[in-house]
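Here the structure comes first, spelled out in structure tokens, and everything after it is commentary.
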Amino acid sequence: MSNRNYVVWFMCLLFFLVPQFSFGDVSCPPPPECPSNCSSWELLDTPQGPEYYMWDVANCYMGILFDYRWIAVGSDGRIWYFSDDYMGGLTCSTNIEFPNHAYTITSTPHEYFDRRYVAAGHGGFIYTTEGLDIRIWDEETSPVTTHLYASVYNSDADKFVLVGQAGKVVTESPTGWIQAANAGAANIWNITYGNGKYVLCNVAGWVYTSTDLNSWTKGVQLDCINAKTAVFGDGVYLIGGKTNDRLQVVYRSTDTINWTQHIMTWNENEDYVYDLVYTGSKFYGVARNKWIIESEDGITWTKTLSPAYPTMMMGIAYSCEDGAIIAVGGPKSIHSECTQ
């Protein structure tokens, strides 16, 4: 019997013998109930050498009996599992799971038992896992051999979309992973989805949008070198990176057509806004080498010094289930428990 079958039998037995445990719906509550103050950051003990980098992180909150909280992916096929030991706080273990560098990881916001995860990266590889057994990954047949750098989950269609080198776009279909229409020809490091529309910005600064992945509309060109991140929340689309003058910048739009530029006023380390996340009440981000940034509207931003400085932070994720944020990079991680 496979490990996956053992887990299924165990959970069936658990529900019959221990009815007092109730997992319930762990989807994100409405924005007013989501924590908003994530200002107290702590440095985590991350077991890795200085040569390893975590490039992305996804929430994988598993609850009372299964204490995993986040999964991070990065260089040399490594994957990091963050868990809560209920005594000493978050701990981290690492393993080699993938054939090469994993650049992106995304999860669905579903309940414990049907949550899905997708990791992708160097050479176009795609791996998936689901449910409780998050340490068993299945290799998928990828339609591309070019690198995949970013991913998003479309909750309306219940499918993942991956983007990467040379404008390639990959998505799920009933028959497996397929290549969708290219979004231009330049590399893509970001993608988001909201209000029925996919939005991305390639390394040349061109914004592309699509409603069905069958075609892309080329929009304005932003002053944004290697736009590293895109996020949607509360009717607002944000794209982050840095300008040609090496200023940290966030672009904001409510219609994906008109964009306003918001330069970070500090900018002393001339680096990217590297990743952004929406918590239901605020946007948070990592300005790669020094700052944790936050904003309620995507216009006015404040900063908190990263306790990992001068280590760069390159990925950030939020867990609405337990109200916390984690940021990862190389070679450290930081964590914040959020409050109202």
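Look at the range 294-304 and say how many of its residues are surrounded by fewer than 24 Cβ atoms within 10 Å (Cβ to Cβ) and in contact with a strand residue (DSSP E or B) (Cβ under 7 Å, 6 or more places away or on another chain). Before the answer, list the steps.
Pass one, the range 294-304, residues surrounded by fewer than 24 Cβ atoms within 10 Å (Cβ to Cβ): 294-297, 299-304.
Applying the additional criterion that residues be in contact with a strand residue (DSSP E or B) (Cβ under 7 Å, 6 or more places away or on another chain) yields 294-295, 299, 301-304.
Count: 7.
Return the residues of the range 262-281 that are charged (D, E, K, R), at negative phi and not in a strand (DSSP E or B); say none if nothing qualifies.
Here is the first cut: in the range 262-281, the residues charged (D, E, K, R) are 268, 270-271, 275.
Now narrow it down to the ones that are at negative phi: 268, 271, 275.
If the condition is that a residue be charged (D, E, K, R), at negative phi and not in a strand (DSSP E or B), then E268, D271 are the ones that fit.
Of the listed requirements (1) touching a Pro at 6+ places or on another chain (Cβ under 9 Å); (2) of a type in the set (D, E, K, R); (3) within 30 Å of F98 (Cα to Cα), D156 misses just one: (1). Just one of the listed residues (D138, D158) is more than 18 Å from W55 (Cβ to Cβ) and modelled with pLDDT under 95, and it is D158. Looking at the structure I just gave you, is G194 under 17 Å from the mean Cα position of the chain (by Cα), over 25 Å from M62 (Cβ atoms) and surrounded by fewer than 23 Cβ atoms within 10 Å (Cβ to Cβ)? Yes. For beta carbons closer than 9 Å, sequence separation of 6+ or different chains, a first residue in the range 255-269 that is among the hydroxyl-bearing types (S, T, Y) and modelled with pLDDT of 95 or more and a second that is crowded, with 16+ Cβ neighbours inside 10 Å and in a loop (DSSP other than H, G, I, E, B), the qualifying pairs are T260/G298. Restricting the search to strands (runs of 3 or more DSSP E) fully inside the range 282-340 and requiring at least 1 residues that are modelled with pLDDT of 90 or more and under 19 Å from S107 (Cβ atoms) gives 283-287, 312-319, 324-330, 333-337. Answer yes or no: is there a residue in the range 257-278 that is within 25 Å of V207 (Cβ to Cβ), surrounded by fewer than 20 Cβ atoms within 10 Å (Cβ to Cβ), in contact with a Lys or Arg (Cβ under 6 Å, 6 or more places away or on another chain) and hydroxyl-bearing (S, T, Y). Yes, the conditions are met somewhere in the range 257-278.
Under the condition of being under 16 Å from L162 (Cα atoms) and of a type in the set (S, T, N, Q), which residue from the range 212-235 is surrounded by the most Cβ atoms within 10 Å (Cβ to Cβ)? So, considering only residues that are under 16 Å from L162 (Cα atoms) and of a type in the set (S, T, N, Q), the one surrounded by the most Cβ atoms within 10 Å (Cβ to Cβ) is T229. Filtered by the rule that a residue be over 13 Å from Y251 (Cα atoms) and among the β-branched types (V, I, T), the range 213-235 gives a lone residue, T217. Among the residues of the range 139-178, those that are of a type in the set (A, V, I, L, M), more than 15 Å from the chain's Cα centre (by Cα) and not in a loop (DSSP other than H, G, I, E, B) comprise A166, V169, V170, I178. Looking across S281, S319, one residue alone is surrounded by fewer than 23 Cβ atoms within 10 Å (Cβ to Cβ), among the polar types (S, T, N, Q) and either farther than 30 Å from E51 by Cβ or free of Cβ contacts under 8 Å to residues at least 60 places away in the same chain (or both). It is S281.
Of the listed requirements (1) closer than 21 Å to S83 by Cβ; (2) not in a helix (DSSP H, G or I), F113 misses just one: (2). Of all positions in the range 214-223, none carries a residue that is hydroxyl-bearing (S, T, Y), part of a strand (DSSP E or B) and under 19 Å from the mean Cα position of the chain (by Cα).
The values are calculated or read from the model by the stated rules, or taken from the named source; none is laboratory data. Keep in mind that what you see is a predicted model, and the values were worked out from it rather than measured. Don't worry about glycine lacking a Cβ; one is built from the backbone with ideal geometry, like all the others, and counts go over all protein chains shown.
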